[in-house]
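Here's the structure we're looking at; comments come further down.
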Amino acid sequence: MQSYAVGSLDQEQFVPIRLRVDVLKRLLAEHNVCAEELHCECTRSKRILMNLLLQAAAV
């Protein structure tokens, strides 16, 4: 595994993370996550994210 100095990382890079759906749903509901900052690498994740965003917007 490659290590990087904190200052050497490109600020525009994406970092893949795992986040439970219930946690994402709570963060969206509390407006602690900006939807336009979320990106998905697969269709399934994108579909889950879009459904959660629609649910958050309906509240």
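Taking (1) touching a residue at least 12 places away in the same chain (Cβ under 8 Å); (2) not in a loop (DSSP other than H, G, I, E, B) in turn, residue 46 satisfies each apart from (1).
Does segment 27-43 hold any residues that are more than 10 Å from residue 56 (Cα to Cα), open to solvent by 90 Å² or more (accessible area, probe 1.4 Å) and free of Cβ contacts under 8 Å to residues at least 24 places away in the same chain, and which are they? Once the filter is applied, which keeps residues that are more than 10 Å from residue 56 (Cα to Cα), open to solvent by 90 Å² or more (accessible area, probe 1.4 Å) and free of Cβ contacts under 8 Å to residues at least 24 places away in the same chain, segment 27-43 yields 32, 36, 37, 43.
The values are calculated or read from the model by the stated rules, or taken from the named source; none is laboratory data. On a predicted model such as this, the values are computed, not experimentally measured, just so you know. Methodologically, a virtual Cβ is constructed for each residue, glycine included, from the backbone with ideal geometry; neighbour enumeration extends over all protein chains shown. Surface accessibility is based on the protein's heavy atoms, side chains included, excluding ligands, DNA and RNA. Shrake-Rupley method; radii C 1.70, N 1.55, O 1.52, S 1.80 Å.
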